[in-house]
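Asker: Before I ask anything, here is the structure I am working with.
Since every read-out is calculated from the coordinates, none of them should be taken as a lab result. Given the structure is predicted, the values throughout are model-derived calculations rather than measurements. So basically every Cβ, Gly included, is an ideal-geometry build from the backbone, and we count neighbours across all protein chains shown.
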Amino acid sequence: MDSRIEHDSLGAVPVPRAALWGAQTQRAIENYPISGLRAAPALIRAYGLLKAALAEANGEAGRLPKTKARAIARAAREVAEHRHDEQFPVDVFQAGAGVSFHMNVNEVIAHRASQLLGGRAVDANDDVNRGQSTNDTFPTALRMALRFELDDVSPAVEACARAFAAKGREFRRVAKAGRTHLQDAVPVTLGAEFAAYGVTLRACGRELAHAADGLLELGLGGSAAGNGVNASPQVTRSAIAKLRRATGRRWRSATDLCAAMQSQLPVAAASAAMRNLALELIRITNDLRLLSSGPRTGLAEIALPALQPGSSIMPGKVNPVMPEMLAMVCFQVVGNDTATALAMQAGQLELNVMMPAMACATLQSAGILARAVEAFTAKCVRGITADRKRCRAFAAGTMALATSLTPAFGYARVAKLVQEALRSGRPLLELALELNRSEKRAPDAEIRRLLGL
């Protein structure tokens, strides 16, 4: 390996000559060859924006020479623009609190700033990390990154809700058998079923929006333990104001910096909102798979768009691939929420050191949810069609139609009608009309009206 020698407090470390990182990053590469997974692009972007804002604020406050501060800010903005993503090789499963990744960020920015200054040294700790700690910057960058990612999830969910609402209107006159306990129930409309999916997804969207607002509260300036040691309140205020201008989001300082260090409740709340969305999507995709089952031996009340051949051995088979894909994504989101919940409760005293696991889990969830829901909406929901004739046949054939007859004949007598219909195979309408004529209760038209036929 063509290398150079870098130093940290533990000694000398060979580092690839072309790398922008330094000794601490190299140690992390060697110490944590765990998953092969690297930091999410959103986290890299968030840290770049954060370091640029802090460098500018430190320069304006006289805590860094202005020339050096400008170079650091420029290098950090390059990081935020994803111009150096290959320089962040640290595994997502690493040292607690995210120290390894944070130092990766500091070293890359320091090395690049030194290049911008023509080789004049910029120090990763004393300059790039001036007045900062992993303990306040990592959770700040995590909340920022997750907030950015939720900005993609929310419109995808809203678009899906609108697509289901549109199908609700399209199918509003398609009568079909309702089903409870997977058994025949009173008739409903296919439109009512689909409209309800849209209503539920909009409720999930509101939950996501509430969680996203909680992520705007930042513990920046808390330093190592929430007491602000070596940090400047002036620099913190200025940096948050700069982040507002740079991102268009209304970041705010946490009311209690100690609490912001101890607890990662906003991250857990965002994860829980994504879990709840995932659970509802699993339920909806299960419904779509049932309703489209067949085409000859299942319910087959709806047809999903045919996207690809469904079998390597059975010619002509087409499967519900988009609901299957989305369900699997949602299973991963539910698992990620469990990992996040365990990491959240594992905090001790002044710091939760399990934040790298939270970052890996929540940022993956947000990324795959946004893309999966968008694809599901475009390639499945919008192309769903109804078999109106089959729906009507099920509506007319369900024994639960008898429910509508109880006001005329009473529960016990209608139950006997149902039993006779099941025994004889005769239509319930035919039996009901016979009973009505024998007792001369009402015009035949009234019985048909009660049955919705």
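Asker: Name the long-range amide H neighbours of Glu6: under 5 Å, sequence gap of 5 or more, or other chain; modelled H, no Pro or chain starts.
Answerer: Here the answer is Val13, Val15, since their amide H atoms fall under 5 Å of that of Glu6.
Asker: To make sure I understand, if each residue's beta carbon is the centre and we count other beta carbons within 10 Å, what order do Phe93, Phe88, Phe171 fall in, fewest to most?
Answerer: Listing Phe93, Phe88, Phe171 from fewest to most nearby Cβ atoms yields Phe93, Phe88, Phe171.
Asker: For segment 341-445, state what percent of all Cα-Cα pairs lands in each successive 10 Å bin, counting from 0 Å until the bin that includes the largest distance.
Answerer: It works out to 11, 23, 13, 10, 14, 15, 11, 3, 0, in whole percents.
Asker: Right, something else. List the relative contact order of segment 144-243 as a percent without decimals, with contacts defined as Cα pairs under 8 Å and 6+ residues apart.
Answerer: 26
Asker: Decide, for segment 236-276, between rounded, prolate and oblate: order the square roots of the alpha carbon gyration tensor eigenvalues as a ≥ b ≥ c, take rounded if a/c falls under 1.5, and otherwise choose prolate if a/b is larger than b/c, else oblate.
Answerer: It comes out oblate by the Cα gyration axes.
Asker: Further, regarding this structure: Once Rh is set to the Kirkwood radius over Cα pairs, what Stokes-Einstein translational diffusion coefficient, in µm²/s, holds for segment 3-130 at a temperature of 4 °C and a viscosity of 1.567 mPa s?
Answerer: My calculation gives 89 µm²/s for D.
Asker: Please compute P(r) over all alpha-carbon pairs of segment 271-377, binned at 10 Å starting from zero, and give each bin as a whole-number percent.
Answerer: Bins of 10 Å from zero give 14, 35, 25, 16, 7, 3, 0 percent of pairs.
Asker: Also, quick follow-up: When a/c reaches 1.5 or more, the comparison of a/b and b/c decides; with that in mind, is segment 92-177 rounded, prolate or oblate per its Cα gyration tensor?
Answerer: prolate
Asker: Next question, about the same structure. Which lysines have a Cα lying under 20 Å from the Cα of Lys317, excluding residues fewer than 8 positions away in the same chain?
Answerer: Lys379
Asker: Now, a different point. Let me know the whole percent of all Cα-Cα pairs from segment 35-107 that are separated by more than 14 Å.
Answerer: That tail contains 59 percent of the Cα-Cα pairs.
Asker: Given 0.36 nm per residue, what is the gain on full extension from Ala378 to Glu81 after removing their alpha carbon distance, in nm?
Answerer: Contour length minus the Cα-Cα distance gives 104.0 nm.
Asker: What does the highest-first list of 102-109, 41-48 look like by mean Cβ count within 10 Å?
Answerer: Per-residue Cβ counts within 10 Å, averaged per peptide and sorted highest first, yield 102-109, 41-48.
Asker: Once the chain is represented by equal point scatterers at the alpha-carbon sites, with solvent omitted, what log10 I(q)/I(0) does the Debye formula produce at q = 0.08, 0.09 Å⁻¹?
Answerer: With one equal scatterer per Cα and no solvent, log10 I(q)/I(0) is -0.61, -0.70.
Asker: Using +1 at the C-beta of Lys and Arg and -1 at the C-beta of Asp and Glu, which of Leu288, Thr67, Leu363 has the Cα lying farthest in the positive direction of the dipole of the chain?
Answerer: About the Cα centre, the residue reaching furthest to the positive side is Leu288.
Asker: Taking R0 as 51 Å, what FRET efficiency do you get between Gln332 and Arg448 from their Cβ-Cβ distance, rounded to the nearest 0.05?
Answerer: With a Förster radius of 51 Å, E is 0.50.
Asker: Which distance in Å, rounded to a whole number, links the C-alpha centroids of segment 25-40 and segment 305-324?
Answerer: 39
Asker: For segment 261-275 and segment 217-240, what is the centre-to-centre distance using only Cα atoms, to the nearest Å?
Answerer: 21
Asker: Separate question: So if I place +1 on the C-beta of Lys and Arg and -1 on the C-beta of Asp and Glu, and nothing else carries charge, what would the dipole magnitude of the chain be about its Cα centre? I want it in debye, nearest 20.
Answerer: 1780
Asker: Using a Förster distance of 25 angstrom, determine the FRET efficiency expected from the C-beta separation of Ser424 and Thr385, and round it to 0.05.
Answerer: About 0.10, to the nearest 0.05.
Asker: Please give the contour-minus-distance gain from His7 to Cys258: 0.36 nm per residue of separation, less the Cα-Cα distance, rounded to one decimal in nm.
Answerer: That pair, His7 and Cys258, stretches by 87.1 nm at full extension.
Asker: So what's Rg/Rh here for segment 398-450, counting alpha carbon atoms and using the Kirkwood radius for Rh?
Answerer: 0.91
Asker: Here's something else I'd like to know. Enter the Cα centre distance for the pair segment 120-175 and segment 401-453, rounded to the nearest angstrom.
Answerer: Going from one Cα centre to the other spans 56 Å.
Asker: Now a separate question. Go through segment 293-299 residue by residue and turn each phi into a ³J(HN,Hα) via Karplus (6.51, -1.76, 1.60, θ = phi - 60°); whole Hz please, and just put x for glycine and proline.
Answerer: Residue by residue, segment 293-299 yields 4, x, x, 9, 10, x, 6 Hz.
Asker: Continuing with this model, one more query. What percent does the relative contact order of segment 398-450 come to when contacts are Cα pairs within less than 8 Å and at least six residues apart?
Answerer: Dividing the mean separation by the residue count of segment 398-450 yields 31 percent.
Asker: Between Ala393 and Leu342, 0.36 nm times their residue separation minus their Cα-Cα distance comes to what?
Answerer: Extending this stretch completely gives an extra 13.4 nm.
Asker: How high is the relative contact order of segment 1-118, in percent, counting Cα pairs under 8 Å that sit 6 or more residues apart?
Answerer: Relative CO of segment 1-118 lands at 31 percent.
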